[in-house]
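The values are calculated or read from the model by the stated rules, or taken from the named source; none is laboratory data. Please read all numbers here as calculations on a predicted model, not as lab measurements. As a convention, Cβ positions derive from the backbone with ideal geometry for all residues, glycine included, and neighbour counts pool all protein chains shown. Quick note on the areas: whole protein, heavy atoms, side chains included, nothing else; ligands and nucleic acids left out. Shrake-Rupley method; radii C 1.70, N 1.55, O 1.52, S 1.80 Å.
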Amino acid sequence: MSAVIDPGHAGHGHAGHDHHHGPAKGLMRWVLTTNHKDIGTMYLWFSFAMFLLGGSMAMVIRAELFQPGLQIVQPEFFNQMTTMHGLIMVFGAVMPAFVGLANWMIPLMIGAPDMALPRMNNFSFWLLPAAFSMLVSTLFMEGGGPNFGWTFYAPLSTTYAPESVTFFIFAIHLMGFSSIMGAINVIATILNLRAPGMTLMKMPLFVWTWLITAFLLIAVMPVLAGVVTMMLMDIHFGTSFFSAAGGGDPVLFQHVFWFFGHPEVYIMILPAFGAVSAIIPAFARKPLFGYTSMVYATASIAFLSFIVWAHHMFTVGIPLTGELFFMYATLLIAVPTGVKVFNWASTMWRGSMTFETPMLFAVAFVILFTIGGFSGLMLAIAPADFQYHDTYFVVAHFHYVLVPGAIFGIFASAYYWLPKWTGHMYDETLGKLHFWMSFIGMNMAFFPMHFVGLAGMPRRIPDYNMMFANFNMVSSIGAFMFGATQLLFLFIVIKCIRGGKAAPAKPWDGAEGLEWTIPSPAPYHTFQTPPDMSGEHEHRKGLAHD
Amino acid sequence: MTEERLTRRLVVRLCLVVVAMFGFGFALVPIYDVMCQAFGINGKTAGVYEGQQAVDEQRQVRVQFLATNAADMVWEFGPQADEVVVHPGDSTQMLFVAYNPTDKPMTAQAIPSVAPSKAAAYFHKTECFCFTQQVLQPGERIEMPVRFIIDRDLPADVRHLTLAYTLFDVTARKPPVAQATLTRAAP
């Protein structure tokens, strides 16, 4: 650790003041960079590459499910596809995308010259390509890659796992290290590098939600590392954490996993809450309604996420009092989440709204995430969950919170800040096309899953009853549409990087925040002299005189 | 520079949180066992029971016995009777028979489980073959006793409960794990 916070190094940013030296040239710029913008860019590109890879696995899944019966892949490979799709999307696409946004935007939003620990920042990024090369390489190994679902329940992932499971375990270790270091960096940056006068309650909500996310990360990623370490010991060193033969218990695995797993789902959504809380006020041209309540709601959600994990396990045979506790605790999360949704709606109320692409994605986020939230409430009801458990209803639920939740939040952020990153406006027509194709494709893919799930179609099975055929075909067509549309997004981003209308410092009239006070594209070094924020009102005061 | 010191102190503290949470993940293992025992949940039964109870002649409870082989276990294994009717407080013995049909000596461990799980805390074993590992020579057959008392405080709505054993082949992991298993199974 001491090398990471080497004083000589953090001073680097200040050493270069007055003469604006740009980035180094060539490949080594990216390997050695400690610049938060470079690292943010690398995170975002990495995450997009993983999004396409995990997405192509989803295409394999939907192609196989296009018709009942086995057409394209063998069940063994199908299992590897569902597992790898989940792992890559969760750990490779969504989480790194938010870390990329944090790297780019948090220093700009709080007036800091860079992240607090720039070299560790470089290391935490470069662990990811190593981790995912290792994870993806298992697909080419004898016996195939992980085939036990992204939740890797023991004993499927221990006693009955393919040989490659050890590579999977080490890949998870590396991802965990990367996330933990990223989280420590975010906390250190936010707590120590804010511009003078930028009090906590003046921070943009994206910074707030990321601060809370980072605390969730350092609390639960070590537990994930612990659970895979126990698996490693069970597989190779003769322990019996999850083996009943030696006095262990497979149900223990599920408890430890979901103690990590439930906060993890909030890790994937809280930063999107923050981004949407920046975008909706900008395009409604009104300050965010209920800033303070947003902060407290986020903190409440984070707290509650630690005491609801067993709602994933209602059917394992936990006692009635346990089911009641976890049911009520889970239903309670609807309260702070409802506060947030009503605040976004109130922000839009009587605003002078325009619907540029970031706003379209943000509005769709609010509506569709709420649908995902409602199906979550249905699943939270313990007696009903026995019917929904492990059906496509669950698949529909978590895709509704993750695709139009996390992914639309990332798209909205990308369109909102692309002018700042590239100095060019993206192509608005193509952006809107991307939105509508994504919106229609995604709803076509995931909405019918509610129906087949309620009718009893189990998840993670490559074949299904004839009666589910029509809905599955609709799902597959929607999924192909959603998947293909993402290539359009790639085209839009490349087009925007290469040229387009020059973006002013503040391309959106209603936008607020320090990131719009610097030129577009953002210079390589920013805020080497911190801005003075002491004259600014706190958000709640800003609202009071509105 | 004070900013450097602040950052260093914060990072050290956050790293401590990380280490503590890694430890907490492992601490969940004993916590889980303790919780299951304390609340008698998950069908887990406790170790050797040494108490004695007056017999409640007024009440009868049906106890069913199940024996299952875990995957790859080849022994013949089963109870001598499928079920018995007992009075709470009374001490009852049931014999289980195991036979090793292979030509190799093998070691087995039986893991008990009680259903409904809320009855597990009221099912006391005073003697059980599950407290130790069983070694059988090729072709050997043994009778293994379990002696139990149903607690008088068994909830009134439980009229019938099931004691299930799963028999695991632990030959491969015998030497190092044998001790650990013994201490964990019979605290």
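Rounded to whole numbers, the Karplus 3J(HN,Hα) couplings from phi for region A:317-324 are x, 6, x, 4, 4, x, 4, 5 Hz, using 6.51 cos²θ - 1.76 cosθ + 1.60 with θ = phi - 60°, and x at Gly and Pro. Highest mean packing first, where packing is the average number of other Cβ atoms within 10 Å per residue, the peptides A:119-126, B:77-84 line up as A:119-126, B:77-84. Reported to the nearest whole Å, the Cα centre-to-centre distance from region A:33-105 to region A:179-217 is 27. Each peptide in A:431-442, A:519-530 receives the mean, over its residues, of other Cβ atoms within 10 Å, and ordering these scores from highest gives A:431-442, A:519-530.
Entry note, chain A: relative contact order of 19 percent, from Cα contacts under 8 Å with a spacing of 6+ residues. Surface calculation, 1.4 Å probe, protein heavy atoms: residue A:354 sits at approximately 50 Å² accessible.
What does the average come to when, for each residue of peptide B:13-22, you count the partner chain Cβ atoms lying within 10 Å of its Cβ?
Details: counts 2, 11, 5, 0, 7, 12, 1, 3, 12, 9.
Counting Cβ atoms of other protein chains within 10 Å of each residue's Cβ and averaging gives 6.
In the P(r) worked out for chain A, what percent of Cα pairs fall beyond 33 Å? Before the final figure, lay out each step's value.
On the way: 60070 of 148785 pairs.
Percentage above 33 Å: 40.
Using a 10 Å cut-off on Cβ to Cβ distances, tally the other chain neighbours for every residue of A:246-257 and report the average as a whole number.
Values: counts 11, 11, 6, 7, 0, 3, 7, 0, 0, 5, 6, 0.
Averaged over the peptide's residues, the number is 5.
Annotation: amide H of residue B:144 within the under-5 Å range of B:96, B:97, B:98, sequence separation 5 or more or interchain, hydrogens built in the peptide plane. Which is farthest toward the positive dipole end of the protein assembly as shown among A:80, B:108, A:265, measuring Cα position about the Cα centre, with Cβ charges +1 (Lys, Arg) and -1 (Asp, Glu)? Value: A:265.
Rounded to the nearest 100 Å², what is the buried accessible area between B and A, both sides summed, probe 1.4 Å?
For B against A, buried area totals roughly 3100 Å².
In this structure residue A:70 has an accessible area near 90 Å², from a 1.4 Å probe over the protein heavy atoms.
How many percent of the accessible area of the protein assembly as shown is carbon or sulfur, using a 1.4 Å probe? Spell out each step's value before the answer.
Numbers: 19340 of 29600 Å².
Answer for the protein assembly as shown is 65 percent, counting heavy atoms of protein chains only.
Could you sort A:305, A:179 by their accessible area in this structure, using a 1.4 Å probe and putting the largest first? Let's see the in-between values first.
Details: A:305 0, A:179 20 Å².
Descending accessible area places them as A:179, A:305.
The long axis of helix A:270-284 is offset from the longest Cα principal axis of chain A by roughly 50 degrees.
Using a 1.4 angstrom probe with every protein chain in place, what is the largest-first accessible-area order of B:62, B:159? Before the final figure, lay out each step's value.
Values: B:62 90, B:159 165 Å².
So the residues, ranked largest to smallest area, are B:159, B:62.
Solvent-accessible surface of the protein assembly as shown, averaged per residue with a 1.4 angstrom probe and all protein chains in place: 40 square angstrom.
Largest to smallest in accessible area, the residues A:365, A:480 fall in the order A:480, A:365 (1.4 Å probe, all protein chains included). Between region A:462-486 and region A:277-343, the C-alpha centres lie 31 angstrom from each other. The phi-based Karplus calculation (6.51 cos²θ - 1.76 cosθ + 1.60; θ = phi - 60°) puts the 3J(HN,Hα) values of region A:329-342 at 4, 5, 4, 4, 4, 4, 5, x, 5, x, 4, 5, 5, 5 Hz, whole numbers, x for Gly and Pro.
Per-residue shielding of A:60-66, expressed as the average number of other chain Cβ atoms within 10 Å of the residue Cβ, stands at 0.
Take the Cβ atoms of residue A:233 and residue A:293, set R0 to 51 Å, and the FRET efficiency comes out at 0.65.
Counting Lys and Arg as +1 and Asp and Glu as -1, each charge on the Cβ, what is the dipole of the protein assembly as shown about the Cα centre in debye, to the nearest 20? Kindly include the intermediate steps, with their values, before the conclusion.
Working: 38 positive and 44 negative charges, 399 e Å.
Magnitude of the dipole: close to 1920 debye.
Scalar couplings 3J(HN,Hα) for region A:105-113, obtained by applying the Karplus form with A = 6.51, B = -1.76, C = 1.60 to θ = phi - 60°, are 9, 4, x, 5, 6, 10, x, 9, x Hz; x denotes Gly and Pro.
Say the cut-off is 22 Å between C-alpha atoms; which of B:104/B:125; A:286/A:340; A:37/A:340; A:420/A:501; A:286/A:501; A:37/A:286 go over it? Result: B:104/B:125; A:37/A:340; A:286/A:501; A:37/A:286 exceed 22 Å. Round to a whole angstrom and tell me the spacing of the C-alpha centers of region B:43-65 and region B:105-140. Using only Cα atoms to place each centre, the spacing works out to 16 Å. Heavy-atom accessible area for residue A:360, with the other protein chains in place and a 1.4 Å probe, reaches approximately 20 Å².
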